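K.L.:
If you scroll down you'll find the structure; I have some questions about it.
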Amino acid sequence: METKSLVLLGSTGSIGTQTLGVVEECGYRVDALAAGRQVAALEEQIRRFRPSVAAMYDEAAARDLKTRVADLDVTVLSGMDGLCELASRNVDLVLNSVVGMVGLQPTLKAIESGNDVALANKETLVAGGALVMDAVKKHGVRLLPVDSEHSAIFQCLQGAPADRRAVKRLILTASGGPFFGRSAAELEHVTLQDALKHPNWSMGAKITVDSASMMNKGLELIEARWLFDVPPEKIDVVVHRESIIHSLVEYVDNAVIAQLGVPDMRVPIQYALTYPARAVSPVGELSLADVATMTFYKPDEETFRCLPLCREAILRGGLTPAAVNGANEQAVALFMDGKIGFMDIPRLVETVLAQTWGSADSVEAVLEADRAARAMVLSAVG
Ligand code: MG
């Protein structure tokens, strides 16, 4: 097998470490690694995978890393410039799994440099969907989904006509998170610890809070609209508690294709790395007889407001999804710091959604909407 080269952004996070767990078996050499501020973890990865370049988003962490790996032949970069420089290296694939809006510029840089991108950073498409998809077309690169739901839809669309006329509906599955079945009143006083108890998936803290509020599914709906070029009216969400069906595509003949498997992110990560080929996986096989029962519910949009708020945001279009995403990122940070309650998250997102946002015609406009939305949240909290 020919060895391919990979740049991994966000290597110390949940997706990043799982990627490094499958990367060698998928025939990749790690060309560059980047992380936010976890110096010790990145140092360990550098010693193990020997990339030529590494970057830390945090400047102080980058200085620390430089000293720690002084004995190795590795260049250490820092900040957004560092991430963008890594993204533009001449490689076979850039896997972007950084958390939050920080991921947008490196994604664009990778595409503009002609690199295929495996995307695990959903904020990239939520905030900059139109810009990113235009760049993908212009530079003729592949944008491969890593998120389990989008990987599932991508798999269900293999072999379908490219024009999407045969697609009637995309159906995203949602686990419902730790608060499934609870009322809005019951959710007023839940804690961060409660929100972090996800029933099926092991993920980073921000996305786990987003899953508890169902913001995650709202962001995924927006992401799906761009990735698969399907209007938001044709994207539905169904709660599926067992997380065995990872999403579905309904065709015009009412045939429904689903992708199933045990809930383990290494499967979609690996598919993005090996696409269109498939490789043997370390993940356990699915036993339907052991699963025995699968359950499905309509999402409770009265309680989990973030989902309809995201649908509204993508229908309005322009900078509204970027603003809603920025508001959510800020609100989740405040919730994780114990500054606001769980149900303040949808309230703050709704406040920002209620404003008028312009059109998303440049990266600067997207970044500005993100900044303005965060400032709005901070001033609303006081
Ligand atoms: Mg997902």
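K.L.:
Mind listing whichever residues of the range 331-360 are of a type in the set (Asp, Glu) and in contact (Cβ under 8 Å) with a residue 40 or more places away in the chain?
P.N.:
The answer is Glu350, and nothing else.
K.L.:
Look through the range 71-115, keep the residues that are acidic (Asp, Glu) and in a helix (DSSP H, G or I), and return whichever of them is least open to solvent (accessible area, probe 1.4 Å). Steps first, answer last, please.
P.N.:
At the first step, the residues of the range 71-115 found to be acidic (Asp, Glu) are 71, 73, 81, 85, 92, 112.
Then drop every residue that is not in a helix (DSSP H, G or I), which leaves 81, 85, 112.
On the way: Asp81: 123, Glu85: 109, Glu112: 92 Å².
Out of the qualifying residues, it is Glu112.
K.L.:
I would also like to ask the following. Would you mind finding the one in Ala279, Ala323 that is touching an Asp or Glu at 6+ places or on another chain (Cβ under 8 Å), open to solvent by 30 Å² or more (accessible area, probe 1.4 Å) and in contact (Cβ under 8 Å) with a residue 24 or more places away in the chain?
P.N.:
Ala279
K.L.:
Further, regarding this structure: If I go through the range 229-258 residue by residue, how many of them are within 20 Å of the chain's Cα centre (by Cα) and farther than 18 Å from Ala166 by Cα?
P.N.:
Going through the range 229-258 one residue at a time, the tally reaches 8.
K.L.:
Could you tell me how many of the residues in the range 196-255 are on the phi > 0 side of the Ramachandran plot and not hydrophobic (A, V, I, L, M, F, W, C)?
P.N.:
The number of residues fulfilling the criteria is 4.
K.L.:
Can you list residue pairs whose Cβ atoms sit under 7 Å apart, with the first residue in the range 135-157 being over 17 Å from Gly261 (Cα atoms) and the second being away from the ligand (no atom under 16 Å from the Cβ) and assigned to a helix (DSSP H, G or I)? Count only pairs 6 or more apart in sequence or on different chains.
P.N.:
From residues that are over 17 Å from Gly261 (Cα atoms), the pairs are Ala135/Leu108; Ala135/Ile111; Ala135/Glu112; Val136/Ile111; His139/Ile111; His139/Glu112; Val141/Ile111; Leu143/Val136.
K.L.:
Something else about it: Is there any pair linking a residue in the range 19-35 that is modelled with pLDDT of 95 or more to one that is aromatic (Phe, Trp, Tyr), with Cβ under 7 Å and at least six apart or on different chains, and which?
P.N.:
Correct list of pairs: Leu20/Phe49; Val30/Phe49; Leu33/Phe49.
K.L.:
Sticking with this one: Can you name every residue in the range 195-220 that is in contact (Cβ under 8 Å) with a residue 40 or more places away in the chain and surrounded by fewer than 24 Cβ atoms within 10 Å (Cβ to Cβ)?
P.N.:
Listed by number, the residues that qualify are Pro199, Asn200, Trp201, Ser202, Met203, Gly204, Ala205, Lys206, Ile207.
K.L.:
In the range 34-67, what count of residues is obtained for those that are more than 16 Å from Leu8 (Cα to Cα), open to solvent by less than 90 Å² (accessible area, probe 1.4 Å) and assigned to a helix (DSSP H, G or I)?
P.N.:
Number satisfying all stated conditions: 6.
K.L.:
Ok, one more. Could you grab me the full set of residues in the range 282-327 that are more than 22 Å from the chain's Cα centre (by Cα) and over 27 Å from Leu187 (Cβ atoms)?
P.N.:
The answer is Pro282, Gly284, Glu285, Leu286, Ser287, Leu288, Ala289, Asp290, Val291, Ala292.
K.L.:
Of (1) within 19 Å of the chain's Cα centre (by Cα); (2) more than 14 Å from the ligand (Cβ to nearest atom), Asn121 satisfies all except one. Which?
P.N.:
Looking at each condition in turn, Asn121 falls short on (2).
K.L.:
Do we have Glu186 as more than 14 Å from Tyr275 (Cβ to Cβ), open to solvent by 30 Å² or more (accessible area, probe 1.4 Å), outside any loop (DSSP other than H, G, I, E, B) and of a type outside the set (Ser, Thr, Tyr) here?
P.N.:
In short, yes.
K.L.:
Would you point out the residue of the range 159-218, among those that are within 30 Å of Ala35 (Cα to Cα) and of a type in the set (Lys, Arg), that is farthest from the ligand (Cβ to nearest atom)?
P.N.:
Lys197
K.L.:
If you check Glu250 against the conditions, is it in contact with a Lys or Arg (Cβ under 6 Å, 6 or more places away or on another chain), away from the ligand (no atom under 14 Å from the Cβ), open to solvent by 10 Å² or more (accessible area, probe 1.4 Å) and in contact (Cβ under 8 Å) with a residue 60 or more places away in the chain? So that I can check it myself, show each step before the final result.
P.N.:
On the way: in contact with a Lys or Arg (Cβ under 6 Å, 6 or more places away or on another chain): yes; away from the ligand (no atom under 14 Å from the Cβ): yes; open to solvent by 10 Å² or more (accessible area, probe 1.4 Å): yes; in contact (Cβ under 8 Å) with a residue 60 or more places away in the chain: yes.
In short, yes.
K.L.:
When you go through Ala331, Ala380 one by one, which is the residue that is surrounded by fewer than 18 Cβ atoms within 10 Å (Cβ to Cβ) and in a helix (DSSP H, G or I)? Give the steps one after another, and end with the answer.
P.N.:
Numbers: Ala331 fails: surrounded by fewer than 18 Cβ atoms within 10 Å (Cβ to Cβ).
After ruling out the rest, the residue left standing is Ala380.
Table: residues versus (1) in contact with a Gly (Cβ under 6 Å, 6 or more places away or on another chain); (2) more than 26 Å from Thr208 (Cβ to Cβ).
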residue	(1), (2)
Val23	no, no
Gly36	no, no
Val53	no, yes
Leu72	no, yes
Val76	no, yes
Asp92	no, yes
Val98	yes, no
Pro106	no, no
Gly114	no, yes
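K.L.:
Just the residues that are farther than 19 Å from Ala110 by Cα, open to solvent by 40 Å² or more (accessible area, probe 1.4 Å) and either small (Gly, Ala, Ser) or outside any strand (DSSP E or B) (or both), please, taken from the range 129-183.
P.N.:
Selection gives Gln158, Gly159, Pro161, Ala162, Asp163, Arg164, Arg165, Phe180, Gly181, Arg182, Ser183.
K.L.:
Further, regarding this structure: Can you tell me how many residues within the range 137-151 are over 12 Å from Phe228 (Cα atoms), small (Gly, Ala, Ser) and either within 15 Å of the ligand (Cβ to nearest atom) or touching an Asp or Glu at 6+ places or on another chain (Cβ under 7 Å) (or both)?
P.N.:
Total satisfying the criteria: 1.
The values are calculated or read from the model by the stated rules, or taken from the named source; none is laboratory data. Keep in mind that what you see is a predicted model, and the values were worked out from it rather than measured. Positions of Cβ are generated from backbone atoms using ideal geometry, with glycine treated the same way; all protein chains shown enter the neighbour counts. Keep in mind that these areas ignore ligands, DNA and RNA; they rest on the heavy atoms of the full protein, side chains included. Shrake-Rupley method; radii C 1.70, N 1.55, O 1.52, S 1.80 Å.
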